[in-house]
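Trainee: Encoded as structure tokens, here's the structure I'll be asking about.
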Amino acid sequence: MPTVLVLSFYEDETARMVVDKLRAYPVDTVWFDTADFPLAAELAAFPGSSTLGTLQTRNGIVDLDDVIGVLYRRPTQFQMPPGIADEHRVFARVEARQGFGGVLAGIAARWVNHPSAIAGGNFKPKQLDVAASVGMNVPRTLVTNSPEQAQKFACDVGRTLIYKAFEPPTLPDQKVIFTSVVDPDELNDPAIGLTAHLFQEQIPKEFDARITVIGDACFGVAIHADSPAARIDFRADYDSVTYHPLSLPGELPRQLRAYLDRFGLAFGAFDFAVTMEGEYYFLECNSNGQWSWLEDETGLPMAEAFAKYLAEG
């Protein structure tokens, strides 16, 4: 029977919303977390042959040739046997990623999204290039490790700059680095020379927009902030923001779909700054982003759109 494979940790409420909607479709749905491999799952795959093979999970046996859709959310780390030496654990996890991960990555199904496409679409400078190439407005941006270039850019732009981190920090003592306004006096800091920095003109926005695209379905949400911190980065103060469904300008859905197609993505969570004049400025796209809280806030049928896309195969 056609099967949708859900790859995420079992407590993922966003994935559960999609699984609940998939019950209305004539497909089997199997939820699997990669943490179950190899201790609680068994793989038998035959690359290069006429059959992919099988995956035996705690939730049943999956014939990989029957998989027509894969929801790739947030699967967790492969778990090795307790007591294994550290160097052996590292080796075993690498082998699991190459072998087990390589087999799953070869499934010819509708992925939301394929991990290789997620990786390719994750570079913010490339995102800005592609957004501009499909006709979207992008803020003037500088990527540099030069204090002198940063100061020159600030003078050329002639308005307030913001700083963004490229990725969330991975150190255990680090929290989220929110978008922040740049003090011009800080642009002569030699520490800028220690790594790449992204500086961008601050768009004078009326509100933020989060647009979730899955297949050809677009769901726009206006995010209005009522605190200084949230007006710079709404993640800094969720308690002060309100949400409203948003009608999108005529050309924007086509541009969003063209953007995703350039990266081979089925789904993207786009962030825009929207000015008083109604101009949309592309900020970034998260190809494995959150959206469920927006459905909770607005009632927009996003989980149903994900289920429909996956079940169509």
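Trainee: Using a 10 Å cut-off on Cβ atoms, rank the peptides 244-257, 86-99 from the highest mean neighbour count down.
Mentor: Listed from highest to lowest mean packing, they are 244-257, 86-99.
Trainee: Taking the chain as the reference, fit the longest principal axis to its C-alpha atoms, fit the long axis of helix 147-157 to the helix C-alpha atoms, and give the angle between the two in degrees, 0 to 90, nearest 10.
Mentor: It is inclined by approximately 70 degrees.
Trainee: If the only charges are +1 at each Lys and Arg Cβ and -1 at each Asp and Glu Cβ, what is the size of the charge dipole of the range 88-206 around the Cα centre, to the nearest 20 debye?
Mentor: Approximately 660 debye in magnitude.
Trainee: Which one, (1) 1.47; (2) 1.16; (3) 1.11, gives Cα Rg over 2.2 N^0.38 Å as derived from the coordinates shown?
Mentor: The value computed from this structure is option (3).
Trainee: For the range 58-125, build the charge dipole from Cβ charges (+1 Lys, Arg; -1 Asp, Glu) around the Cα centre, then report which of Asn59, Gln77, Gly121 sits farthest towards its positive end.
Mentor: Highest projection toward the positive end goes to Gly121.
Trainee: Once neighbouring chains are kept in place and the probe is 1.4 Å, which whole percent of the accessible area of the range 212-276 is contributed by carbon and sulfur?
Mentor: The value for the range 212-276 is 52 percent carbon and sulfur by accessible area.
Trainee: Straight distance only, please: which aspartates and glutamates reach the Cα of Lys152 with their own Cα at less than 17 Å, same-chain residues fewer than 8 apart left out?
Mentor: Reachable aspartates and glutamates: Asp183, Asp185, Glu186, Asp189, Glu201.
Trainee: OK, next. Any idea what the dipole of the chain comes to, in debye rounded to 20, about its Cα centre with Lys/Arg Cβ at +1 and Asp/Glu Cβ at -1?
Mentor: In debye, rounded to 20, the chain gives about 580.
Trainee: Another question, then. If you place +1 on the Cβ of every Lys and Arg, -1 on the Cβ of every Asp and Glu, and leave all else neutral, what size is the dipole of the range 236-288 about its Cα centre, to the nearest 20 Debye?
Mentor: 340 debye
Trainee: Compute the angle between helix 86-105 and the longest alpha-carbon principal axis of the chain, please, reported from 0 to 90 degrees and rounded to the nearest 10.
Mentor: Its long axis makes an angle of about 90 degrees.
Trainee: Kindly report the accessible area of the range 1-137 per residue (heavy atoms of protein chains, probe 1.4 Å, no ligands, DNA or RNA), in Å².
Mentor: I get 50 Å² per residue for the range 1-137.
Trainee: Run the helix sum for the chain: -39,500 (n - 2.57) per DSSP H stretch of 4+ residues, divided by residue count, reported at 222 nm to the nearest 500 deg cm²/dmol.
Mentor: Helix contribution divided over all residues of the chain: -8500 deg cm²/dmol.
Trainee: From the phi of every residue in the range 67-72, what ³J(HN,Hα) in whole Hz does the Karplus formula 6.51 cos²θ - 1.76 cosθ + 1.60 yield, where θ is phi - 60° and glycine or proline is x?
Mentor: Using θ = phi - 60°, the values come out as 6, 10, x, 10, 9, 9 Hz.
Trainee: Angle between the Cα long axis of helix 13-22 and the longest principal axis of the chain, 0 to 90 degrees, nearest 10?
Mentor: For 13-22 against the chain, the angle is about 60 degrees.
Trainee: Could you give the length gained on full extension between Ala132 and Glu87, defined as 0.36 nm per residue of separation minus the Cα-Cα distance, in nm?
Mentor: Fully extending the segment from Ala132 to Glu87 adds 11.7 nm.
Trainee: Using mean Cβ contacts within 10 Å as the protection proxy, how do 274-285, 27-38 order, highest first?
Mentor: Ranking the peptides 274-285, 27-38 by packing returns 27-38, 274-285.
Trainee: Per residue, how much accessible surface does the range 200-313 expose to a 1.4 Å probe? Answer in Å², no decimals.
Mentor: Using a 1.4 Å probe on heavy atoms only, each residue of the range 200-313 averages 41 Å².
Trainee: What percent do you get for the relative contact order of the chain when only Cα pairs under 8 Å and 6+ apart count?
Mentor: 19 percent
Trainee: Which one, Val181, Ala131, Gln151, projects farthest toward the positive side of the charge dipole computed for the range 117-192 from Cβ point charges (K/R +1, D/E -1)?
Mentor: Selected residue: Ala131.
Trainee: Then there is this: Please report, as a whole percent, how much of the solvent-accessible surface of the range 1-118 comes from carbon and sulfur atoms (probe radius 1.4 Å).
Mentor: After summing per-atom areas, the C and S share lands at 55 percent.
The values are calculated or read from the model by the stated rules, or taken from the named source; none is laboratory data. Because the structure is a prediction, the values reported are computed rather than measured. All Cβ positions, even for glycine, are placed from backbone atoms using ideal geometry, and neighbour counts span all protein chains on display. When the accessible area is computed, the model is the full protein with side chains, heavy atoms only, and any ligands, DNA or RNA have been set aside. Shrake-Rupley method; radii C 1.70, N 1.55, O 1.52, S 1.80 Å.
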